[in-house]
Amino acid sequence: MAAITLIEALTQAMAYEMRRDPSVMVLGEDVGINGGVFRATSGLIQEFGPERILDTPLDETTIAGLTVGLAAQGMKPIAEAQFDGFMYPMVDHIICHAARLRYRTRGRMSCPMVLRVPWGGGIRAPEHHSEANEAIFTNVPGLRVVMPSSPQRAYGLLLAAIRDPDPVIFFEPKRIYRQYKEEVPDDGEALPLDVCFVLRDGSDVTLVTWGSQVKETLEAADALAKDGISAEVIDLATVKPLDFDTIHESVKKTGRCVIVHEAPRTAGFGAEIAAQLAEKAMYDLVAPVERVTGYDTHIPLFRLEMKYLPSVEKIVAAAKRTLAAS
Amino acid sequence: MAAITLIEALTQAMAYEMRRDPSVMVLGEDVGINGGVFRATSGLIQEFGPERILDTPLDETTIAGLTVGLAAQGMKPIAEAQFDGFMYPMVDHIICHAARLRYRTRGRMSCPMVLRVPWGGGIRAPEHHSEANEAIFTNVPGLRVVMPSSPQRAYGLLLAAIRDPDPVIFFEPKRIYRQYKEEVPDDGEALPLDVCFVLRDGSDVTLVTWGSQVKETLEAADALAKDGISAEVIDLATVKPLDFDTIHESVKKTGRCVIVHEAPRTAGFGAEIAAQLAEKAMYDLVAPVERVTGYDTHIPLFRLEMKYLPSVEKIVAAAKRTLAAS
Amino acid sequence: MESGVRFEIDYLQYMDADGGIVNPDLPDFARDRTQLVDLYKEMLKVRCFDAKAVALQRTGKLGTYASCLGHEAAHIGIGTSLQIDDVFAPSYREYGAQFARGVKPREVLMYWGGDERGNDFSGPAHDFAWCVPIATQCLHAAGSALAFKLRGEARVALACVGDGGSSKTDTYAAINSAGAYGLPFVLCIINNQWAISVPRTAQTGAKTLAQKGLAGGLECLQVDGNDIIAVKAAVAHAVKRARHGHGGTVLELITYRLSDHTTADDARRYRDDEQVKAAWQREPVKRLKSYLLAQGWWSEDEETAWITESNAWADAEVDAYLATAVQPVEAMFDYLYAELPHDVAEQREQALGWEKR
Amino acid sequence: MESGVRFEIDYLQYMDADGGIVNPDLPDFARDRTQLVDLYKEMLKVRCFDAKAVALQRTGKLGTYASCLGHEAAHIGIGTSLQIDDVFAPSYREYGAQFARGVKPREVLMYWGGDERGNDFSGPAHDFAWCVPIATQCLHAAGSALAFKLRGEARVALACVGDGGSSKTDTYAAINSAGAYGLPFVLCIINNQWAISVPRTAQTGAKTLAQKGLAGGLECLQVDGNDIIAVKAAVAHAVKRARHGHGGTVLELITYRLSDHTTADDARRYRDDEQVKAAWQREPVKRLKSYLLAQGWWSEDEETAWITESNAWADAEVDAYLATAVQPVEAMFDYLYAELPHDVAEQREQALGWEKR
Ligand SMILES: Cc1ncc(C[n+]2csc(CCOP(=O)(O)OP(=O)(O)O)c2C)c(N)n1
Ligand SMILES: Cc1ncc(C[n+]2csc(CCOP(=O)(O)OP(=O)(O)O)c2C)c(N)n1
Ligand SMILES: [Mg+2]
Ligand SMILES: [Mg+2]
């Protein structure tokens, strides 16, 4: 078994599930012969044909609306938004319909769909190609929001998302699409959609993050270790529903929590984690919660973007502040 | 001077500013001869004519996109979304353009617009007419998000929103459009867009809320007072930017905080307030933060909706929990 | 300048406002007494129901209600031209079409009465629920049609949208994708001249709404939407084309909204009584009645008897609606996901706790 | 069936692929040597710039870049037909049009080079910046046109969108609102046959893209987009109509994307070399050159001299771009609001703090 990248793991998961379940199909701009602008669907049209790998007209409203119709009539569509910044025209159909079909009809209809979205910054891309906009969906009932950060997790979570009978927004941290390779058995094993991953055990401070920041956060943990600080690292992975218990268990042990995310700080999903800490873990905390996030401004074009994003230094500094505070 | 309702105060503010500034105009569905489905623009077309009070074709993308174009070319459009649940098609133009024109062009262009949105539940309306969806915009840089809760504040905040040189999302709690009347001098005095309102002083617990829940929260404070508990009530009013200092000052005094909002709990804007408390006020808090919110499900059709919304009882119970905890 | 591509939008009408036949080339069903009388009876029945629903709202026993007064020919012409395994995607007014598909009046009332169970149709389980966000249903129908095409099923998806809704971008998206994929899709633009207070003329500069279909390369036709013979002929033809893989159609059914927009609206604020009076002259029930009477296919006695029967039927439905107990509080959680996530499950318990106080 | 409304979409061409005149009824400017030579020189100049930009990207000195190779007639035809106080709303490829309006090549490079200052055009301060979210610019142009109409200004707003973008709902919204309000609006659909890997034929079932305009009641015309005489004639006519209050127009300019979609794309994955070769036979620069040579209005010597001059000009712009220092970190805050709110101001300080470490 050859080691594969995160994006190859996504392709592998889609191919696995399409072989297994004839109702699974893919639609989006350039997903066919071009294999998607990131090549996530590369090779699929050759294996599954143009009836199951559909290029769409260039309109995200169309993609979202067709996807709802397909899912309501027994297909399991995997829709692709080409980039994070182009998914806004999909918001209406996702919130008003995908998230509500089951609820609206008391279970008569449902909307088993996945929306795959290449997400986030750090690849020197043009405007609107670098947005961390998961917060738009986290206050919306009826959705699941998932973000993998390794090839193995990408494979298992995407399988789970496709099989899930309800709509899943599947954000793919494009910056780490090809960051490293890992062996990913093509065994069709899905991962749960409501459990965080503890990537590294530690006792002094809990670092919670998701998506591309997992790499920076693990590096920060390494750096902290050099200073004798033991950091536990949690990959949220399933943003909604939030597995707060795993975070809470960790904070009971460490008493300190740094939340790291790429989106702007205000009302980013980090706020929800910090809020639950304030509600449920106040007596466990020995230091104020810290957030290391994008600033409350638009991610700049690429000459400045790395100054916008969280960095190892910023994470280390925040962790040290929690230690200094107590 | 006759006392007027919240919605009349909005009309008064628009009329005032349209008289003063010829670039101010209104556009939306049914805003003309019909005066809007809630009558917020009632009488305006008679005074200002159909060039300044424009009925639009039935398309929210159109309204949002035209508004950006108008604002970019020197008009000050006040756009109306007919209901909260119909604003999703506007999200793309608001996030990609309204919020970015100034940033994108390094100040060469700007987007001075107001989007008025009748907001929230509790009026026994049909599906999609009762949504508390402010969280969609609170993570978006470049916007301001405002929500008045009294006739006077509605007048002053809307004037400020219209005059503000940047885009403002102006949520109007429709449930209290006509809840009570108040004298509102038509003096053209705007209120600041970054300051909370302390509606009631108290020393035992801080209740923070916005929009229609202000009424329930004030009633809860009354009920608490009967039990000898002194509650401070803060109307957030300017959701973004968040005036955390006012909340913090209060919590320094009370040591307890209950956040009340109508939107679903997870990643509602209450999370941001709780998060800042966890970051900046941990040593001031003597009890865990509490949130009293809508549940993480869609607001039901009206036979069940009151069971979904926060209530005086739920607020009182939460406040008492903070007192029991310490 | 080379002359290029030409298009023509035709207009279909068989029966004029007085029930006179203007186009003697009648379709078969219109030569059949039973079929035509049945259609007439359905139209009357819906009208009886509609009046009851408005009355219920006026007495506080229903929420906001969107009347279908004046749309009977359009709605019933559509509903009776589909097969049961076709998919119907309504907006919020097409009760006549839905009754023909097995949806119960009590379900209509439950929906407008604030109870989601109204959407759990007795009719075809694959039909879409009422759709409040204007025109979004058009794309759901197109997506359904795409599912049928991909699976090789000979099924058709039909959506209704209003004259107002024809301005909405979703309508265009549905038209364009139906054309791009050659989908078995029919779009009925029910042009009742008003979108709340905005007249048809203010929605668009297009001469017809049918021509919206040209933007996606679909067949386009204008139809007298108060002439049920024309409506049925046009819809049946479009559905047949779609079913046989010949692509999608846009039909503009021209009618008039004789009522307020909904019970929450007061149309006197924005439209002339004269216009409404004139529209009553062209309304669909009266014209079919004139024709049936002229043919000797219907009598005033039958009319009276049928109205009595229809009212009794509507009353029974109203009673069933009024007798429906409110859903338990957990209903707001139980249909959110197939399996409730732990966090929401916790809130469900809290909600139950508040009930027990 | 009554026959109803008719439409016809004409096709405008003056000059064929070899520079032969197929329509002798030439517009005045095309009979004027200076004007035609100037247009030709602009086309060549843009092509020189484009080649430099692609080369810069290949050597890592530019980010992703969208080439305009093959679009020169369309872009320059548009850019030279507007007045300076009109509003131009481009997508992301129409440098030729923008240069005609005073935008500097270095600004193009700064934008694609990751520096927002590229959008602070030297050209008209009211022109829109490059617009990455496909087709959204169409509505901004329509909104601008609405502002002009409301203020009684004799100004026109012109937007460009691609064949792919013609499927996007915003395009329809712009067309429909322009028709509904009678706006001074011109939409140029630049049909270069490809939207990244999706061919024109897969975008829509409509025979022409020009007919998209029928959905909003606009004037519609197909134009040979490689024939600058036709482009200029068509755009000038549409702009004039708009300026005089006669309403909006949709022009489909038919051309071909001779390059990859952007430098991040590899068109060999999805399109035939043969098609590209054939397209090179119809390309706009060659055909105008043939015509000018045939008229004796241009020579190979002039060509060589002009290319040298153009390259020098492009090189100077490249140098200016490369010499631009990166913005200071606070630039990511300073243009967010007219006045920075307290919370963001705090973060600005933090960002400055990290700089000082
Ligand atoms: C997206 C959206 N915007 C606004 C509304 C509010 N609204 C409900 S019905 C209506 C008018 C619809 O007119 P039309 O499409 O002609 O249908 P009709 O009501 O005449 O059947 C409007 C604006 C809505 N339901 N959805
Ligand atoms: C809303 C949106 N969706 C997707 C994209 C990604 N994208 C960039 S260019 C492009 C194709 C555009 O094709 P066309 O409109 O024909 O213009 P062309 O590039 O050929 O000039 C796509 C899909 C985008 N920029 N915006
Ligand atoms: Mg209508
Ligand atoms: Mg193209």
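Which one of these is without any contact (Cβ under 8 Å) to a residue 40 or more places away in the chain and touching an Asp or Glu at 6+ places or on another chain (Cβ under 7 Å): C:A230, C:A202, C:A180?
C:A202
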Within the range C:331-344, does at least one residue satisfy the condition of being away from chain A (no Cβ under 14 Å) and not basic (K, R)? no
Would you pick out the residues in the range D:114-150 that are of a type in the set (G, A, S) and at the interface with another protein chain (Cβ under 7 Å from one of its Cβ atoms)? D:G114, D:A125, D:A129, D:A141, D:A142, D:G143, D:S144, D:A147
Some residue of the range B:36-52 being farther than 21 Å from D:V156 by Cα, in contact with a helix residue (DSSP H, G or I) (Cβ under 7 Å, 6 or more places away or on another chain), more than 16 Å from ligand 3 (Cβ to nearest atom) and of a type in the set (F, W, Y): yes
Condition set within 16 Å of ligand 3 (Cβ to nearest atom) and free of Cβ contacts under 8 Å to residues at least 60 places away in the same chain, scope the range C:141-165, selection nearest to B:E60 (Cα to Cα): answer is C:G164
What is the residue count in the range C:193-219 for residues that are surrounded by fewer than 24 Cβ atoms within 10 Å (Cβ to Cβ), in a helix (DSSP H, G or I) and either on the phi > 0 side of the Ramachandran plot or under 20 Å from the mean Cα position of the chain (by Cα) (or both)? 1
Criterion: more than 16 Å from ligand 4 (Cβ to nearest atom), buried (at least 18 other Cβ atoms within 10 Å of the Cβ) and either more than 14 Å from chain C (Cβ to nearest Cβ) or modelled with pLDDT of 95 or more (or both) - qualifying residue of D:S91, D:S81: D:S81
Residues of the range D:83-102 satisfying the condition of being of a type in the set (A, V, I, L, M) and more than 26 Å from D:K286 (Cβ to Cβ): D:I84, D:V87, D:A89
State whether the residues of the range B:58-74 include one that is assigned to a loop (DSSP other than H, G, I, E, B), in contact (Cβ under 8 Å) with a residue 12 or more places away in the chain and more than 7 Å from every other protein chain (Cβ to nearest Cβ). no
Within the range C:152-172, tally of residues that are within 14 Å of ligand 1 (Cβ to nearest atom) and either under 14 Å from the mean Cα position of the chain (by Cα) or not in a helix (DSSP H, G or I) (or both): 8
Tell me which residues, restricted to the range D:74-97, are outside any loop (DSSP other than H, G, I, E, B) and of a type in the set (V, I, T). D:I76, D:I78, D:V87
Strands (runs of 3 or more DSSP E) wholly inside the range A:220-318 that include at least 2 residues being more than 14 Å from chain B (Cβ to nearest Cβ) and not β-branched (V, I, T): A:231-235
Look through D:I175, D:I189 and report the one residue that is within 12 Å of ligand 4 (Cβ to nearest atom) and either under 19 Å from the mean Cα position of the chain (by Cα) or assigned to a loop (DSSP other than H, G, I, E, B) (or both). D:I189
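Can we say C:T171 is free of Cβ contacts under 8 Å to residues at least 60 places away in the same chain, crowded, with 24+ Cβ neighbours inside 10 Å and among the hydroxyl-bearing types (S, T, Y)?
yes
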Could you list, in sequence order, all residues of the range D:148-163 that are under 22 Å from B:A64 (Cα atoms), touching a helix residue (DSSP H, G or I) at 6+ places or on another chain (Cβ under 6 Å) and within 15 Å of ligand 4 (Cβ to nearest atom)? D:A159, D:V161
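Listed here are the residues, each with its yes/no results for (1) closer than 30 Å to B:Q46 by Cα; (2) out of contact with any Lys or Arg (no Cβ under 7 Å at 6 or more places or on another chain).
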residue: C:A230; (1), (2): no, yes
residue: C:A233; (1), (2): no, yes
residue: C:V250; (1), (2): no, no
residue: C:L258; (1), (2): yes, yes
residue: C:A267; (1), (2): yes, yes
Pick from the range A:51-77, criterion within 16 Å of ligand 1 (Cβ to nearest atom) and out of contact with any Gly (no Cβ under 8 Å at 6 or more places or on another chain), ranking: farthest from B:P89 (Cα to Cα): A:A64
Extreme residue, surrounded by the most Cβ atoms within 10 Å (Cβ to Cβ), among residues of the range B:128-146 that are in contact with a Ser or Thr (Cβ under 8 Å, 6 or more places away or on another chain) and assigned to a loop (DSSP other than H, G, I, E, B): B:N139
Of the numbered conditions (1) without any contact (Cβ under 8 Å) to a residue 60 or more places away in the chain; (2) farther than 18 Å from C:I189 by Cβ, C:I134 fails exactly one; give the number of that condition. (2)
Could you identify the single residue in D:G4, D:G60, D:G19, D:G102 that is in contact with a Pro (Cβ under 7 Å, 6 or more places away or on another chain) and surrounded by fewer than 22 Cβ atoms within 10 Å (Cβ to Cβ)? D:G102
What number of residues in the range A:75-132 are facing another protein chain (nearest Cβ under 9 Å) and at positive phi? 4
Among residues belonging to the range A:234-267 that are within 21 Å of A:R321 (Cα to Cα) and small (G, A, S), point out the one that is surrounded by the most Cβ atoms within 10 Å (Cβ to Cβ). A:S250
Any residue in the range C:174-187 that is near ligand 1 (Cβ under 8 Å from one of its atoms) and aromatic (F, W, Y)? no
Can you tell me which residue within the range C:171-207, out of those that are polar (S, T, N, Q) and closer than 22 Å to B:L27 by Cα, is nearest to ligand 3 (Cβ to nearest atom)? C:Q193
If you take the residues of the range B:1-26 that are part of a helix (DSSP H, G or I) and hydroxyl-bearing (S, T, Y), which of them is nearest to the chain's Cα centre (by Cα)? B:T11
Is the range C:262-277 home to any residue that is in contact with a helix residue (DSSP H, G or I) (Cβ under 7 Å, 6 or more places away or on another chain) and surrounded by 17 or more Cβ atoms within 10 Å (Cβ to Cβ)? yes
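Every residue in the range C:98-130 that is assigned to a loop (DSSP other than H, G, I, E, B), farther than 21 Å from C:F148 by Cα and in contact with a helix residue (DSSP H, G or I) (Cβ under 9 Å, 6 or more places away or on another chain), please.
Matches in the range C:98-130: C:V103, C:K104, C:G113, C:G114, C:D115, C:D120, C:F121, C:S122, C:W130.
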Counting only residues that are away from ligand 2 (no atom under 16 Å from the Cβ) and among the acidic types (D, E), the range C:136-187 contains a total of 2
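The values are calculated or read from the model by the stated rules, or taken from the named source; none is laboratory data. Keep in mind that what you see is a predicted model, and the values were worked out from it rather than measured. Reconstructed Cβ throughout: ideal geometry from the backbone, glycine too, with neighbour counts over all protein chains shown.
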